[in-house]
Amino acid sequence: MYAVSGMEMTLISLLLRLALYCVEDVIESWRLRAISMTMSSGVLLSLCRPDGVVVFPIIVLYAIWRSLGTPQRNTIVTRLVLAALGFAAIIIAYNLWRYSYFNEWLPPPFMSKAGGGKGVLFAWEKNLRMFFYTKGHMFPPAGYYFLALTVAGVMGVILSSATAAQKQTERLSLGLALILMFVYFNFIDWMPGMRYHSVVIGLLLLPSIHVQSVFPKGFWSAPQRKDAVILITAMAFVLMTSFSVIASLKSIGSKLEEGNRACLIPMGKWLAEVFPPDALLAMSDVGAVPYYSRLKTVDIHVESLTDLYIAKNGFSGEYVVRQRPDVVILATRGV
């Protein structure tokens, strides 16, 4: 659903694979080119989405730990530290510029998805309920899918028969996935399909390929054919379950697209014709309407992603009234 939505999920997924692609070369050769490529991918990850900033430091710490006890330890550590300093200089410069522009260190979505003024454990409780119980009448709980991938990834790392350097990449991939999932779990992911977590699927699949090693040699031969049939049936069930989730998300995406074309886009164009350009719009589902109306907009969603005050302090009717909006639109699925 998000691969074609114009959002950052596809790009950050690609950059994560690029960072891991360089890791094996870093651990095997410690060449400056590989370290520079890894640092560059880490910088791009940080620019793509704020949580991407944790990836390169984790890779550096892991690589330094792997270098301990090797003859080139001092050279390796020096190169990695220099790369880390270069990374830090770029990220600090970027964030200083970002603060001067937005006058805030953290993006509003981080604040609102962390609870928007609510208790510390609010996001954990809500995520557990949505990921494993329900996300609404049309959102399938996808937590079981990610849990199954995580178990497969752990088993794959344990059973891996890859080369030493490849094993390090697989272990790092699993570790990064677990760390990122914990980071995302602190922010309410109320979008269908666990949008934040979707970027770790590729990280979990990398070590999961070795799960097949659990089956003994000759498992597929005639004497074990009955067991093979049972396994194939189980795999078919898992695939059908996965496709059912995909079908549900496809249905949701189609409904959202139909709603945009039939309602929100015409509404935005109508507002552009009726209201003056300096009018203020207050809406609980920002997106197509503000884009097509070209009006300045206050995002009054209870978990606002763009309004700094609501993101920090939670929703307030008094705050909305103080903005003196010229038009207020309440979308039923955004209230």
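The values are calculated or read from the model by the stated rules, or taken from the named source; none is laboratory data. All values derive from a computational prediction rather than experimental measurement. Neighbour counts are summed over all protein chains in view; Cβ atoms, including those assigned to glycine, are modelled from backbone coordinates with ideal geometry.
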*Would you tally the residues in the range 32-71 being more than 28 Å from TRP105 (Cα to Cα) and among the β-branched types (Val, Ile, Thr)?*
3
*So which pairs qualify, if the first residue must be in the range 33-58 and under 19 Å from LEU82 (Cβ atoms) and in the same structural domain as ALA88 (by TED's automatic domain parsing), the second must be of a type outside the set (A, V, I, L, M, F, W, C) and surrounded by fewer than 18 Cβ atoms within 10 Å (Cβ to Cβ), the Cβ gap must be under 7 Å, and the two must be at least 6 apart or on different chains?*
ALA34/ASP25; MET39/GLY86
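Go through the range 83-105 residue by residue and tally those that are among the aliphatic types (A, V, I, L, M) and surrounded by 14 or more Cβ atoms within 10 Å (Cβ to Cβ).
Of the residues in that region, 4 qualify.
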_Matching residues, the range 152-183, being over 14 Å from VAL200 (Cβ atoms) and of a type in the set (A, V, I, L, M)_ = MET155, VAL157, ILE158, LEU159, ALA162, ALA164, ALA165
*Scan the range 157-210 residue by residue and report those that are modelled with pLDDT of 85 or more and among the charged types (D, E, K, R).*
GLU170, ARG171
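Suppose we filter the range 285-300 for residues that are touching a strand residue (DSSP E or B) at 6+ places or on another chain (Cβ under 9 Å) and without any contact (Cβ under 8 Å) to a residue 40 or more places away in the chain; how many remain?
Qualifying residue count, the range 285-300: 9.
Suppose we keep only residues that are among the aromatic types (Phe, Trp, Tyr) and outside any helix (DSSP H, G or I) within the range 2-59. Which one would you say is modelled with the highest pLDDT? Walk me through it before giving the result.
Looking only at the range 2-59, we keep the residues that are among the aromatic types (Phe, Trp, Tyr), and these are 2, 21, 30, 56.
Now drop any that are not outside any helix (DSSP H, G or I), which leaves 2, 30.
Details: TYR2: 61, TRP30: 70.
Among those residues, the one meeting the criterion is TRP30.
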